[in-house]
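Chemist: Starting off with a structure, shown below.
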Amino acid sequence: MSHADRIARIRIQLDDWQPAIWRRAEVPLTTTLKALHDVIQAAMPFDNYHLFEFRAHGKRYAIPDPEWDSLRDKTYSAKTMRLGTLVDRGITQLTYTYDFGDDWRHTITIEAIGDADPAAEYPRYIDGAGRAPPEDVGGIPGFELFLDAVADPKHEQHRELKRWHGRPFDPAHAAEDEIQTRMKKLARRRALGEV
């Protein structure tokens, strides 16, 4: 069977945070790492404002930049590397970092490989837990401060951070309706050949 007929069930988990913030999704093996980045952005959900990279078996995959590559190790293109190629090489886990300032590190685990459901649209969100941090909150320490402040009306930064975020924030709520909407948009783009 070709990669076009196969899907990977993946688990995306934010590192260094408890209780765990994680998502499970299904993606075709033909998915590029750039498209997997888009899936992670939709699943957490993040707003795709920042740079990203994947790492697997000592190799870095991102959007190559000659200036950046001269300062760090070689970058392989996330636009051309497909998930199925990594699976064929025996890779079952990748690291994903989003926003090198806030440094959101994730572990991506390939839980299973299976046949695609001809009636299903991919990528597809399965389940998850916890609300991902807001963009530009300041990494793990900023997220801790943010959660403390928005939960405590007496906290000196309560008003400021509630106003900054602009909407309610429930750390236990994974925003599943928003995730489903974003995933369906990616599936439509994929069906139209746009990703």
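Chemist: Give E144, E111, E176 a once-over and let me know the one that is modelled with pLDDT under 95 and of a type in the set (D, E).
Modeler: When all the criteria are applied, what remains is E176.
Chemist: Next up: Which residues, counting only those in region 146-192, are small (G, A, S) and over 21 Å from the mean Cα position of the chain (by Cα)?
Modeler: Result: A149, A151, G166.
Chemist: Still on this model: Could you list, in sequence order, all residues of region 1-22 that are basic (K, R) and touching a Phe, Trp or Tyr at 6+ places or on another chain (Cβ under 7 Å)?
Modeler: Going residue by residue through region 1-22, those that are basic (K, R) are 6, 9, 11.
Listed by number, the list holds a single entry, R11.
Chemist: Somewhere in region 115-136, is a residue of a type in the set (S, T, Y), touching a strand residue (DSSP E or B) at 6+ places or on another chain (Cβ under 7 Å) and under 22 Å from H50 (Cα atoms)?
Modeler: no
Chemist: Residues of region 121-145 being under 21 Å from the mean Cα position of the chain (by Cα) and part of a helix (DSSP H, G or I), which ones?
Modeler: The answer is G139, I140, P141, G142, F143, E144.
Chemist: Could you check region 44-72 and list, in sequence order, the residues that are in contact (Cβ under 8 Å) with a residue 12 or more places away in the chain and either closer than 15 Å to R189 by Cβ or among the β-branched types (V, I, T) (or both)?
Modeler: The first filter runs over region 44-72 and keeps only residues in contact (Cβ under 8 Å) with a residue 12 or more places away in the chain, leaving 44-47, 49-57, 59-64, 72.
Residue satisfying the conditions is I63 alone.
Chemist: Taking only region 1-22 into account, find how many residues are over 18 Å from I113 (Cβ atoms) and in contact with a Gly (Cβ under 7 Å, 6 or more places away or on another chain).
Modeler: Of region 1-22, the ones over 18 Å from I113 (Cβ atoms) are 13-22.
Going one step further and asking which of them are in contact with a Gly (Cβ under 7 Å, 6 or more places away or on another chain), we end up with 19-22.
Selection size over region 1-22: 4.
Chemist: Give me the helices (runs of 4 or more DSSP H) completely within region 1-88, filtered to those with at least 3 residues that are more than 30 Å from D170 (Cβ to Cβ) and at pLDDT 95 or above, ordered by residue number. Talk me through it step by step, then tell me what you get.
Modeler: Working: elements: 33-43, 66-71, 83-88.
The helices (runs of 4 or more DSSP H) meeting that bar are 83-88.
Chemist: Is one or more of the residues making up region 66-78 crowded, with 22+ Cβ neighbours inside 10 Å and of a type in the set (F, W, Y)?
Modeler: No, every residue in region 66-78 fails to be crowded, with 22+ Cβ neighbours inside 10 Å and of a type in the set (F, W, Y).
Chemist: Moving on. Out of all the residues in region 140-163, which are under 27 Å from D177 (Cβ atoms) and touching a Gly at 6+ places or on another chain (Cβ under 8 Å)?
Modeler: Answer for region 140-163, where residues must be under 27 Å from D177 (Cβ atoms) and touching a Gly at 6+ places or on another chain (Cβ under 8 Å): just F146.
Chemist: Answer yes or no as to whether T97 is of a type in the set (S, T, Y) and out of contact with any Phe, Trp or Tyr (no Cβ under 7 Å at 6 or more places or on another chain).
Modeler: Answer is no for this residue.
Chemist: Let me spell it out: the conditions are (1) assigned to a loop (DSSP other than H, G, I, E, B); (2) charged (D, E, K, R); (3) surrounded by 14 or more Cβ atoms within 10 Å (Cβ to Cβ), and K162 meets all of them except one. Which number is the exception?
Modeler: Single failed check for K162: (1).
Chemist: I need the full set of residues from region 1-50 which are among the acidic types (D, E), closer than 20 Å to A132 by Cα and surrounded by fewer than 19 Cβ atoms within 10 Å (Cβ to Cβ), in order please.
Modeler: Those that are among the acidic types (D, E), closer than 20 Å to A132 by Cα and surrounded by fewer than 19 Cβ atoms within 10 Å (Cβ to Cβ): D15, D16, D47.
Chemist: Same structure, new question: Considering only region 91-120, state which residues are touching a helix residue (DSSP H, G or I) at 6+ places or on another chain (Cβ under 9 Å) and closer than 12 Å to R6 by Cβ.
Modeler: Selection gives I110, I113, D115, A116.
Chemist: Could you give me the residue pairs with C-beta distances under 7 Å whose first residue belongs to region 141-160 and is on the phi < 0 side of the Ramachandran plot and free of Cβ contacts under 8 Å to residues at least 40 places away in the same chain, whose second residue is in a helix (DSSP H, G or I) and loosely packed, with under 15 Cβ neighbours inside 10 Å wherever it lies, and which are 6+ apart or on separate chains?
Modeler: Close Cβ pairs satisfying both conditions: H155/D148.
The values are calculated or read from the model by the stated rules, or taken from the named source; none is laboratory data. Values in this document were obtained by computation on a predicted structure and should not be read as measured data. Every residue, glycine among them, receives a Cβ derived from its backbone with ideal geometry; neighbour counts consider all protein chains shown.
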